[in-house]
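Taking it in order: structure first as structure tokens, then the write-up.
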Amino acid sequence: MSVTDFIPGQRWISNTEPELGLGLVVSNADRRVTIQFPAAEEERTYATNNAPVSRVEYPVGDTIHTRHGQRVIITERIEKNSCLIYFGQDEEGNELIVPELDLESSVQFSRPQDRLFAGQVDKLSQFRLRIDTLNYHHEQQSADTYGLSGARVQLLPHQFYIAHDIANRYAPRVLLADEVGLGKTIEAGLVIHQQLITGRASRVLITVPDSLIYQWLVEMLRRFNLQFSIMDELRCTAMELSGTDNPFDSAQLVLCTQSMIANNPERVSQMLDCQWDMMIVDEAHHLIWNEEEPSKLYQAVEQLASNIPSLLLLTATPEQLGLESHFARLRLLDPDRYNSLDKFRDEQSQYETVNELVQQLLAEDGINNLATQPSLQAQLDDYLGKGASEKLLNEADQQAALELCINHLLDRHGTGRVLFRNTRDTVTGFPTRILVPHPLEMPAQLESAAADASIEDILRPEKLLGDFWLDEDPRVAWLDEWLKAHRLEKALLICSNADTAQALEEYIRLRKGVRSAVFHEKMTLINRDRAAAYFADDEDYAQVLVCSEIGSEGRNFQFAQHLIMFDLPLNPDLLEQRIGRLDRIGQKHDVQIHVPFYENSAQAVLLRWFDEGINAFRHTCPAGRELFQQFEDMITSLIMDGVDEDAFEELINASQKAAGDIMTRLQAGRDRLLEMSSCRPAKAEQLLESVELHEKRMQLRDFMERVFDQFGVDQQSDGAHSVILQPTDQMTEHRFPGLPDDGCKATYSREQALSREDIQFMSWENPMVTGSFEMIMGSDFGNTTVCTVKLPPLQPGTILVEAIFVLYCAAPKALNLQRFQNQATVRVVIDSNNNDLSQIITPDHLNKLGERVKRHVAQNMIRLGREQIAGVLQKAETEALKQQQPLIDQAVTKASSMLDEEVERLEALLEVNPSIREEEVAHLKAKRDQILTHLQDAQLRMDAIRIAVVRE
């Protein structure tokens, strides 16, 4: 570019900063040009020989805007002293003369044709990346599992079935009641994530017991990339002092404790003043209710639940506290439906007959029973209509017909739509638990020290052994020997206290040379992650991770098979939480539970009671808390006063009988029909297949590598399955979405992500990926390019115009119209002779054969061929518009078919299942009408242009 190319008064636009608007050349001297950008009030100085700017020259027929706000259609253009003067007419037909100096400076070129003719040409790689982005985005949004597949979770059928069923409802209000260890938190997280990513919800309130607040914070962040804000009294007060009227309005995603809700009416009032879309209540069995006097927590939650459209209640014990308590929680979900406890009792008894009918049909000889028992046929006809049994027996595929009948019966189950409960009896894949006790001789000084000690200190012998307990405690010597004998096997060690964990880990690492790490609540979250990552590593790893009690909460260490309990907790639920770190679906080995204990000690009492009394080591014990409350006095007496064998035998026998009675009661009360409706295996497997089908890890990895390259993010391989990502000074954006300022490690492997929680899981729903979609599709990135191509059948010099169109609908995000569209784009290829070559020249032809053209050469080609290219683009739009109505018709037909079927099914259920809300049916109908209206108003819009010039 020569010095004389820049003349004061000319209009240019920045290729690298198009948001600055039209620039004005103010000086050109000493091989430097200075350009002012009045709209942005910025000034740039460039070297004249490589200035990243393009000359703006509007052709005759274009519409321009003056700095005085006039809109002018150009009728003539002349050049004087290298500056342009435009002649034209305004909207009233007045003749105007507009020097380019008077052009509106805030104008920006975003349409591909405008950018092309303004000389803003992108790289070929950017164009290809844009088209791939359009296709990948459409593919993900069209998936049945959109919003569910990106979480850092195992692909477990029951969890995805529940999440999919709930998340696709209007303002879901349900009770999640899976047994301990089956993942209620994950199910709730999947629902929240899907509702947020699809636009069905934007503000979420979660309230949990005080002890679980940080566990939920970490779970939501680590597994679902959801950044919740904890609102406690200290933060709320600080925000109010700084001038914030309502602290709960300051964040979209809020976590708070249940004690705040129960004890602070002012905070509850502030929450009520906010607009929430969804509320989640963990450990919902804490919501105590009776008709005379509900608890403060129940009343507060009831107030919030009546004002928030969507409500999820989580509890592992839905009916354990009695039918009245169970009714109270259902009453929160739907007070109109559950308005009478007596009526609810009657309904519950009626469900038993449906349950028995289903069990008879599911028996091995179920079809024969139906054929030979008229009473069974009459019962089925009562529920499904006259002739249902005859139709089933006459079907060629009786098994398929039987499954259909059972599905219809499940749909009629009274609470099956608002209550989900899976049990370990119905969910397979758990490992075998093996208790390995290690009896040790009690130190003499411990016997005397225990005489006046509290029960807490007696259960933690190191407290009584004094400052030098590490040298005197036989458990420490046993641990050293055990670790030496199992050098190649990982072990998780849990003890009650953080100080004990820290001292023990330092001792075995520094004094015994054991590869170890420590994990406790006094550490920062980052340091805990590092310790867990060191333990999880496959190559350079810690043999043992020494944890305080916090290690039994939330973390997944299923890659280890040995669990060492350095002490035992009093609470059976806490014991189950400890074992649950290893006893998880996907554990490939038997779980070895090692308990070093002193003979004839408090630990021995607990060990025997847990093992022989309630069988809590080898199996989950859902009645553990109830049993402990029942026998707490006897247990405490044996611990504090010493072991009396007769009293101990009495405790064991009484505990076994009570445990048996409770388990019998729980089994008798098991609602097998409810368990079946909580996970229908065929549908669940289809969902997992959909997730796996759309994961496409290698495609995602390739796509993101190209994105990072284009936007200046540094990436370095870190082993076979992970990559290190770092921001750089060369980044084209101030911040890359989802990328921390100090960088991060990431993996595209779900397996790696599950074992390394310190590494980001790169899925199609990761914020870095969705942010990349938004950056590319929401801007003009890559929407114009120029290349040369060698295609022997075509004459050299022939111009090919490849125009990419998208079907655009200005509709709310929550409608997700892309799922009804069969394709992401419409592609048209027209040559300079107006021949349509769309079916002959494929994208692969141009991607593989196209060669880059230097920017200034491309700009000259566009300037010289502008008139011809404009004519070809007009022809391309004409050809594309021929496909517009067929595409709309296909989308409308698909939407009508899917949504009409949903409406019909919900209306049919409304007649037989009182748990269906009329507002849900009304919303679905309104949503169907909205979708059809928006689809019918859709229009094809040009999104990108590639110009290819045929060469010899």
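The values are calculated or read from the model by the stated rules, or taken from the named source; none is laboratory data. Here the structure is a predicted model, which means the values were calculated and not measured. Positions of Cβ are backbone-derived with ideal geometry, glycine not excepted, and every protein chain shown enters the neighbour counts.
A compact table of results
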| quantity | calculated |
| --- | --- |
| Some residue of the range 285-303 being touching a Pro at 6+ places or on another chain (Cβ under 9 Å), on the phi < 0 side of the Ramachandran plot and outside any helix (DSSP H, G or I) | yes |
| Matching helices (runs of 4 or more DSSP H) fully within the range 694-778 where at least 2 residues are in contact with a strand residue (DSSP E or B) (Cβ under 9 Å, 6 or more places away or on another chain) and at positive phi | none |
| Subset of the range 577-621 [assigned to a helix (DSSP H, G or I), in contact with a Phe, Trp or Tyr (Cβ under 9 Å, 6 or more places away or on another chain) and buried (at least 19 other Cβ atoms within 10 Å of the Cβ)] | 579, 603, 604, 605, 606, 607, 609, 610, 613 |
| Hits in the range 751-791 (condition: within 14 Å of the chain's Cα centre (by Cα), polar (S, T, N, Q) and surrounded by fewer than 20 Cβ atoms within 10 Å (Cβ to Cβ)) | 770 |
| Answer residue from the range 656-687, given it is out of contact with any helix residue (DSSP H, G or I) (no Cβ under 7 Å at 6 or more places or on another chain) and of a type in the set (A, V, I, L, M, F, W, C) and is modelled with the highest pLDDT among those | 682 |
| Residues satisfying the stated conditions in the range 83-109, i.e. surrounded by 13 or more Cβ atoms within 10 Å (Cβ to Cβ) and of a type in the set (Gly, Ala, Ser) | 88, 105, 106 |
| Positions within the range 752-779 being over 20 Å from residue 526 (Cα atoms) and at pLDDT below 90, in sequence order | 778, 779 |
| Test: residue in the range 385-397 that is within 31 Å of the chain's Cα centre (by Cα) and either modelled with pLDDT under 80 or not assigned by TED's automatic domain parsing to the domain that holds residue 176 (or both) | no |
| Condition check for residue 571: within 24 Å of residue 652 (Cα to Cα) and not assigned by TED's automatic domain parsing to the domain that holds residue 216 | yes |
| Long-range neighbours under 6 Å by Cβ, at least six apart or interchain, first residue part of a strand (DSSP E or B) within the range 31-42, second acidic (Asp, Glu) | 36/43 |
| Residue among 148, 96 that is in a strand (DSSP E or B), at pLDDT below 95 and of a type in the set (A, V, I, L, M) | 96 |
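Condition check ((1) of a type outside the set (D, E, K, R); (2) surrounded by fewer than 23 Cβ atoms within 10 Å (Cβ to Cβ); (3) closer than 30 Å to residue 777 by Cβ) across all residues:
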position: 135; (1), (2), (3): yes, yes, yes
position: 144; (1), (2), (3): no, yes, yes
position: 155; (1), (2), (3): yes, yes, yes
position: 170; (1), (2), (3): yes, yes, yes
position: 177; (1), (2), (3): yes, no, no
position: 181; (1), (2), (3): yes, yes, no
position: 188; (1), (2), (3): yes, no, no
position: 194; (1), (2), (3): yes, no, yes
position: 198; (1), (2), (3): yes, yes, yes
